1. Report whether or not Tyr47 is in the same structural domain as Leu10 (by TED's automatic domain parsing), among the aromatic types (Phe, Trp, Tyr), within 21 Å of Asp6 (Cβ to Cβ) and in contact with a Phe, Trp or Tyr (Cβ under 7 Å, 6 or more places away or on another chain).
2. Might you let me know whether the range 32-44 holds any residue that is assigned by TED's automatic domain parsing to the domain that holds Leu74 and outside any helix (DSSP H, G or I)?
3. Only one of these is outside the structural domain of Lys18 (by TED's automatic domain parsing) and not hydroxyl-bearing (Ser, Thr, Tyr): Arg89, Arg77, Arg67. Name it.
4. Cβ-Cβ under 8 Å, sequence separation 6+ or interchain: first residue in the range 111-138 and over 21 Å from Thr153 (Cβ atoms), partner assigned to a helix (DSSP H, G or I) and of a type in the set (Lys, Arg). Which pairs?
5. For residues in the range 52-81 being among the basic types (Lys, Arg) and over 16 Å from Asp22 (Cα atoms), which is surrounded by the most Cβ atoms within 10 Å (Cβ to Cβ)?
6. Can you give me the number of residues within the range 147-158 that are surrounded by 12 or more Cβ atoms within 10 Å (Cβ to Cβ) and either farther than 20 Å from Thr106 by Cβ or modelled with pLDDT under 85 (or both)?
7. In the range 117-131, which residues are surrounded by fewer than 11 Cβ atoms within 10 Å (Cβ to Cβ) and in a helix (DSSP H, G or I)?
Amino acid sequence: MGVHEDILLLELKLQRLKVEYDQYFAGIIKIPPFKPQEEVKRFIRKYSTIQINNTALAFKYKSLVGRYTSYDNLWKRHMRQIDEGTFKRGSGFAPAAIKKGKEDGTQAEKLFKDYISAKTSLNEKIDGIKVTTIENIIKKQTEAIKSKYKCSTVDYRVVTENGQAKIKAVPKK
């Protein structure tokens, strides 16, 4: 096998190792996956002494080593927490869906995040924009739109018009 194939194989083994550790920490597998971890370590050691001339492959290898290192630190921390008895396993269920309510802080926060990301992607200034500002705008606009359009609810979304990010109100009956 060549360097390219070995690095692709290392990536696959690292993905599989992460899945196995996730299963172990979730309580599905009873024994930590030490053998697959040794295989990954062996691949990393093999290419740590060899110079990879292809820049793309060298970058891929270094990013995989970095990913493995961060995973390894996380796994060691979880193992230490298990030994100390402070590790909390997940419940095995997905978190409950967020209920869609009236214009509360969560909608304003989501709108704020979307608005800021839209403005930064358009290289617009984001100074002075706060969640409370968006909340106040939503409260004022909601009442005005409800009375003007005789609707029960108002949804808000971030749009880009003429190269600028804007918050648009959408009346719903």
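1. Against the criterion (in the same structural domain as Leu10 (by TED's automatic domain parsing), among the aromatic types (Phe, Trp, Tyr), within 21 Å of Asp6 (Cβ to Cβ) and in contact with a Phe, Trp or Tyr (Cβ under 7 Å, 6 or more places away or on another chain)), Tyr47 qualifies.
2. Yes, there is a match, as at least one residue in the range 32-44 is assigned by TED's automatic domain parsing to the domain that holds Leu74 and outside any helix (DSSP H, G or I).
3. Of Arg89, Arg77, Arg67, the one residue that is outside the structural domain of Lys18 (by TED's automatic domain parsing) and not hydroxyl-bearing (Ser, Thr, Tyr) is Arg89.
4. Going by the 8 Å Cβ cut-off, the qualifying pairs are Lys125/Lys119; Ile126/Lys119; Ile129/Lys119.
5. In this case the residue turns out to be Lys60.
6. Matching residues across the range 147-158 total 2.
7. Ser121, the sole residue that qualifies.
Yes/no per residue for (1) farther than 30 Å from Tyr156 by Cα; (2) among the basic types (Lys, Arg); (3) at pLDDT 95 or above:
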{"position": "Leu8", "(1), (2), (3)": "yes, no, no"}
{"position": "Ile29", "(1), (2), (3)": "yes, no, no"}
{"position": "Gln51", "(1), (2), (3)": "yes, no, no"}
{"position": "Leu64", "(1), (2), (3)": "yes, no, yes"}
{"position": "Tyr71", "(1), (2), (3)": "yes, no, yes"}
{"position": "Ile82", "(1), (2), (3)": "yes, no, no"}
{"position": "Gly85", "(1), (2), (3)": "yes, no, no"}
{"position": "Arg89", "(1), (2), (3)": "yes, yes, no"}
{"position": "Lys102", "(1), (2), (3)": "no, yes, no"}
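The values are calculated or read from the model by the stated rules, or taken from the named source; none is laboratory data. Bear in mind that the values here come from a model prediction, so they are computed numbers and not experimental data. All Cβ positions, glycine included, derive from the backbone under ideal geometry; neighbour counts span all protein chains shown.
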